[in-house]
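The values are calculated or read from the model by the stated rules, or taken from the named source; none is laboratory data. Everything numeric in this text was worked out from a predicted model, so none of it was measured. As a convention, Cβ positions derive from the backbone with ideal geometry for all residues, glycine included, and neighbour counts pool all protein chains shown. These accessible areas exclude ligands, DNA and RNA; they are computed on the full protein's heavy atoms, side chains included. Shrake-Rupley method; radii C 1.70, N 1.55, O 1.52, S 1.80 Å.
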Amino acid sequence: MSTIILGIESSCDDTSAAVIRDGVLLSSVIASQAVHEAYGGVVPELASRAHQQNIVPVVHEALKRAGVTKEELSAVAFTRGPGLMGSLLVGVSFAKGFSRALGIPMIEVNHLQGHVLAHFIREEGEESCQPPFPFICLLVSGGNSQIIRVNAYNDMEVLGQTIDDAAGEAIDKCSKVMGLGYPGGPIIDRLARQGNPEAFAFSKPHIPGYNYSFSGLKTSFLYSLREWVKDDPDFVEHHKEDLAASLEKTIVDILMDKLRKVVKDTGIKDVAVAGGVSANNGLRNAFREHARRYGWNIFIPKFGYTTDNAAMIAITGYFKYQDKEFCSIDMPAYSRVTIK
């Protein structure tokens with residue numbers, strides 16, 4: 001008998017549902033929220049209201065595209081955290097009602113673990129290249145920057161992480177300072193392709209071990225920009241491509257320096273990248289260059305699996321279903337947690 005998992009993701013501003021049968025993705029539906037662009041960032045109250053409007057039609061569409069009825073589902077997997085509490089509560093509450101109504105198990109998923117396991121999503125008719133255990137994963141997003149040793153789907157060890165801001169957060173805030181809009185990641189990525197990455201130099205932190213810090217870079221960028229704008233009020237407009245390229249290069253250098261050290265110290269050359277920032281062209285090119293130079297076996301996810309999506313929740317739920325790792329109906333959401 002087939003194992004069919006419905007995945008639900010609502011940790012931030014994307015409402016998503018996906019269906020997986022026996023480890024193969026049948027459908028993935030995402031409803032994004034454009035309302036936050038006007039505010040330069042995600043407004044939690046607006047996000048949770050949009051989730052309430054989107055959750056039912058998104059789940060309905062995911063089941064329809066998969067050609068699956070709700071009665072055929074084996075379990076419902078949902079993002080329990082971390083994320084925005086109001087947003088999470090919409091997905092968690094829906095999953096609880098869905099589970100109770102259908103009499104099927106609930107599977108709680110750590111959002112960060114889901115990003116790592118996005119590499120194991122298989123699509124029908126396509127060959128998938130999945131990293132072997134153990135492997136090293138660089139998880140970079142708007143809220144997290146971590147280097148993780150992945151020993152198994154349920155055995156992950158954080159070797160290093162940011163002690164302040166995340167890489168994606170630094171990019172978004174620098175983009176906002178430049179007046180480029182939100183979300184900053186895609187904008188900086190697009191401009192950087194046309195700029196000179198050596199045009200400007202920004203501060204790089206000196207943090208011991210494998211941990212990251214991006215607050216100093218953010219401050220360095222802001223202060224430098226203030227000085228340049230004093231002399232030329234149109235400085236950003238005249239140099240936005242070079243500023244974007246230099247910022248991107250600095251962040252990628254910081255990320256890869258620590259990752260290189262981890263790979264050398266552990267001897268594990270199977271290296272993956274995950275999270276929203278893994279869509280960045282500069283970071284992807286850096287991974288390819290390191291594979292060529294250092295003999296790494298690299299794993300880069302499809303663009304559709306870099307940002308928040310329910311397919312990664314469903315595949316994690318599928319693995320947990322095999323071990324009967326179900327949760328009770330009273331399981332609460334949590335806004336802050338790391339990979340265990």
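I need the full set of residues from region 59-70 which are under 15 Å from G91 (Cα atoms) and either open to solvent by 50 Å² or more (accessible area, probe 1.4 Å) or under 20 Å from the mean Cα position of the chain (by Cα) (or both), in order please.
Of everything in region 59-70, just one residue is under 15 Å from G91 (Cα atoms) and either open to solvent by 50 Å² or more (accessible area, probe 1.4 Å) or under 20 Å from the mean Cα position of the chain (by Cα) (or both), namely H60.
Matching residues to (1) farther than 30 Å from G267 by Cα; (2) of a type outside the set (D, E, K, R); (3) part of a helix (DSSP H, G or I); (4) open to solvent by 50 Å² or more (accessible area, probe 1.4 Å):
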site	(1), (2), (3), (4)
S175	yes, yes, yes, no
I187	yes, yes, yes, no
Q194	yes, yes, no, yes
E198	yes, no, no, yes
F221	yes, yes, yes, no
H238	yes, yes, yes, yes
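Which residue, of G181, G142, is under 14 Å from S278 (Cβ atoms), assigned to a loop (DSSP other than H, G, I, E, B) and either open to solvent by less than 50 Å² (accessible area, probe 1.4 Å) or modelled with pLDDT of 95 or more (or both)? Lay out the reasoning, then the answer.
Numbers: G181 fails: under 14 Å from S278 (Cβ atoms).
Exactly one residue qualifies, and that residue is G142.
Return the residue satisfying two criteria in turn: it lies in region 271-316 and is of a type in the set (S, T, N, Q) and farther than 20 Å from A244 by Cβ, and of such residues it is nearest to the chain's Cα centre (by Cα).
Taking the candidates together, the pick is N309.
If only one of H51, H119 is under 21 Å from D155 (Cβ atoms), in contact (Cβ under 8 Å) with a residue 24 or more places away in the chain and of a type outside the set (S, T, N, Q), which one is it? Break it down stepwise before answering.
Numbers: H51 fails: under 21 Å from D155 (Cβ atoms).
Among H51, H119, only H119 is under 21 Å from D155 (Cβ atoms), in contact (Cβ under 8 Å) with a residue 24 or more places away in the chain and of a type outside the set (S, T, N, Q).
Take V76 and tell me if it is open to solvent by less than 50 Å² (accessible area, probe 1.4 Å), part of a strand (DSSP E or B) and farther than 30 Å from I298 by Cβ. Show your work before the answer.
Details: open to solvent by less than 50 Å² (accessible area, probe 1.4 Å): yes; part of a strand (DSSP E or B): yes; farther than 30 Å from I298 by Cβ: yes.
So V76 passes the test.
Restricting attention to region 146-161, report how many residues are closer than 18 Å to G209 by Cα, open to solvent by 40 Å² or more (accessible area, probe 1.4 Å) and polar (S, T, N, Q).
Looking only at that region, the number is 1.
With (1) in contact with a Ser or Thr (Cβ under 9 Å, 6 or more places away or on another chain); (2) farther than 20 Å from L6 by Cβ; (3) touching a residue at least 60 places away in the same chain (Cβ under 8 Å); (4) open to solvent by less than 60 Å² (accessible area, probe 1.4 Å) as the list, and P131 as the residue in question, which single condition is left unmet?
Here P131 clears every test but (1).
So for region 88-98 (the condition being of a type in the set (K, R), modelled with pLDDT of 95 or more, over 27 Å from L259 (Cα atoms) and surrounded by 20 or more Cβ atoms within 10 Å (Cβ to Cβ)), does at least one residue qualify?
Of all residues in region 88-98, those of a type in the set (K, R) come to 96.
Going one step further and asking which of them are modelled with pLDDT of 95 or more, we end up with 96.
Still in the running and over 27 Å from L259 (Cα atoms): 96.
Okay, now just the ones that are also surrounded by 20 or more Cβ atoms within 10 Å (Cβ to Cβ), so none.
There is no residue in region 88-98 that is of a type in the set (K, R), modelled with pLDDT of 95 or more, over 27 Å from L259 (Cα atoms) and surrounded by 20 or more Cβ atoms within 10 Å (Cβ to Cβ).
It is to be established whether one or more residues within region 277-284 are small (G, A, S), over 28 Å from F120 (Cα atoms) and part of a helix (DSSP H, G or I).
Within region 277-284, none of the residues are small (G, A, S), over 28 Å from F120 (Cα atoms) and part of a helix (DSSP H, G or I).
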